[in-house]
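To keep things clear, I will list the structure first and then write my remarks on it.
The values are calculated or read from the model by the stated rules, or taken from the named source; none is laboratory data. Just so we're clear, the structure is a prediction, and the values are computed from it rather than from any experiment. Here the Cβ is made from the backbone with ideal geometry for all residues, glycine too, and neighbour counts use every protein chain on show. These accessible areas exclude ligands, DNA and RNA; they are computed on the full protein's heavy atoms, side chains included. Shrake-Rupley method; radii C 1.70, N 1.55, O 1.52, S 1.80 Å.
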There are 2 protein chains.
Amino acid sequence: MAKLDFSPIADTTRRAEIVALLKRAILTGQLEPGQKLNELRIAEQMRVSRAPLREAMRELVQEGILTSIPYAGTFVIDVTAKDIDDAYSLNKVLDEFAIERTWPLRDQRFFDELDRRHEAVKQATRDLNTTRQIETALQLHGLIHEWAGNSVLLETWQRLTSRLQMYFALHQRARKEPVPAEDLHETYVRLLKGADMRAAQRHASEHIDGDFEQLLAYAQGLEQRTSKGAGANRAVAARNRPDDG
Amino acid sequence: MAKLDFSPIADTTRRAEIVALLKRAILTGQLEPGQKLNELRIAEQMRVSRAPLREAMRELVQEGILTSIPYAGTFVIDVTAKDIDDAYSLNKVLDEFAIERTWPLRDQRFFDELDRRHEAVKQATRDLNTTRQIETALQLHGLIHEWAGNSVLLETWQRLTSRLQMYFALHQRARKEPVPAEDLHETYVRLLKGADMRAAQRHASEHIDGDFEQLLAYAQGLEQRTSKGAGANRAVAARNRPDDG
DNA sequence: GACAAGCAAATTGTCGACAATCTAACAAGG
DNA sequence: CCTTGTTAGATTGTCGACAATTTGCTTGTC
């Protein structure tokens, strides 16, 4: 018998599809930070009952992109400069670890996959598809975490990625300028193929730095505009913001 | 007006209480790895309907201590030697990062809290309360993550802690020997109070090493006993195991 | 006008029942 | 004997309705 690996059957529960829908809406910035999610309205729009919707929302709360206050509502997380800075700091640490673990495991398949993902980024850049560009860039970046062979690391990074994707989407949305056409990942890919692990680690940090610098500036701008909420409870403040429509 | 911080009102939803109950049952090892959670039975035992129970289970799935297979059931995660090793590796990295960030922020309140938690561990040790001993030891360990001032790091560590607590509980349960009476954390606390950050980081790694060595040995024993499931899907294998009762 | 009590609307939390799916046992056919 | 189709039972997934809680408005009082 031929050795054929079948991929798992897709989850056919409404819950799973709702999770996917909501996640996309949040990560692409269609649902804005602080926005309240009205269960009845969303359930009607999706043509499902509130039960699977609520279960889906519970998952996203635990995934860290929604917050929930009993009897008050469920809200898209707010984004502060500190949140972004925290995520960035940890990401740097995880990257170094991932590169260290991936390094001895690199093989032809790794390099091929690296090229494949790099190509996907370049394609999205050519298409001027910012959402897809963010998505593919993070997938390129995620390869070292997948390859490191540490399931806990991968899981952690994927959770972090959700937020990063949201942050970048918000940033892109705020500044309506066109996407940079240059290839920012050329050096990153080259170093990952090379022989100097330290150099790769160092570049990974710096590379992320470049992306995050803009993000931080954007977030700090946000802070100032909504500065009244400085010491207040963010979630509570969110209550007074408009509903989803 | 006196500057008084009120602690948040307790969540009065059934869901939150169910989460707490289930989590405790899993983290203390009362619910064994791979065990299936029968919704109807648990709901009846807790005198609640399945709706809040299912929502609670969704949270724990996302928290990583339950796994769910559509239309098949929700199971306590299986524990493999590799899982423990992965968690251990990442924990080491997070610890170094946490110490680095906490280091300049240490003050009297930090030292006081450190002593307080250290004392709690010693008390639990004197009481021969293994469950509480694990709990307090992890809380002592968690201080650096709380103090580091990075919310993403803290969140990540707390997720890791859930599993660590489960692993240690299983380990303690397997070997019925009495708890070691010596104080394993003396050096750790002393170094955190000292001036040599590198030394503290190094000891943290080694200190964890000691705890994990036993865990790994235990897990590897598990692997061999249930070796038939080596290549098989763990979750599927779990289906054939006995229900909760 | 300021303020407290009380009511009404909207929203979230929970419940019980039904639908969809899986598992296991059994029968039929090769 | 092995495989395939069928069926009954149990369990999970989903639904619509009801209960609990919050919020904002209204009313009455000073």
Point to revise | Leading residue at positive end of dipole, the stretch B:14-77 (Cβ point charges), from B:Gly34, B:Ile69, B:Met46 | key: B:Met46
Point to revise | About the Cα centre, charge dipole magnitude for the stretch B:51-96 (Lys/Arg +1, Asp/Glu -1 at Cβ), debye | key: 240
Check your understanding: If the label for A:Glu17 sits 7 angstrom from Cα along the Cα-to-Cβ line, what are its distances to the same label in every other copy, in nm to one decimal, shortest first?
Key -> 3.6
Check your understanding: If amide H atoms are built 1.01 Å from N in the plane of the peptide, which residues on other chains or at least 5 residues away come under 5 Å of the amide H of B:Leu66?
Key -> B:Val61, B:Ile77
Exercise for review: Please calculate the 1.4 Å probe accessible area of A:Glu206, with all protein chains present, and give it to the nearest 10 Å².
Suggested key: 110
Practice item. Using a 1.4 Å probe and ignoring any ligands, DNA or RNA, find the accessible area of B:Tyr218 and quote it in Å² to the nearest 10. Key: 40
Point to revise | Approximate spin-label separation A:Ser151-B:Arg126, in nm, with each point projected 7 Å along Cα-to-Cβ | key: 4.1
Exercise for review: Note the distances from B:Glu44 to each other copy's matching label point, with points 7 Å along the Cα-to-beta-carbon direction, in nm, sorted shortest first.
Suggested key: 3.9
Review point. Assigning unit charges at the beta carbon (Lys, Arg +1; Asp, Glu -1) and nothing else, what dipole magnitude in debye, to the nearest 20, does the stretch B:81-224 show about its Cα centre?
Key: 220
Review point. Given charges of +1 on the Cβ of Lys and Arg and -1 on the Cβ of Asp and Glu, with all other atoms neutral, how large is the dipole of the stretch B:14-77 about its Cα centre, in debye to the nearest 20?
Key: 160
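Under the definition of Cα pairs under 8 Å and six or more residues apart, what whole-number percent is the relative contact order of the stretch B:14-77? Walk me through the intermediate numbers first.
On the way: 64 pairs, mean separation 26.7, N = 64.
It comes to 42 percent, rounded to a whole number.
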Study note, to complete from the structure: Taking the label point 7 Å from Cα along the Cα-Cβ vector, the copy-to-copy distances for B:Lys122, listed from shortest in nm with one decimal, are 6.4
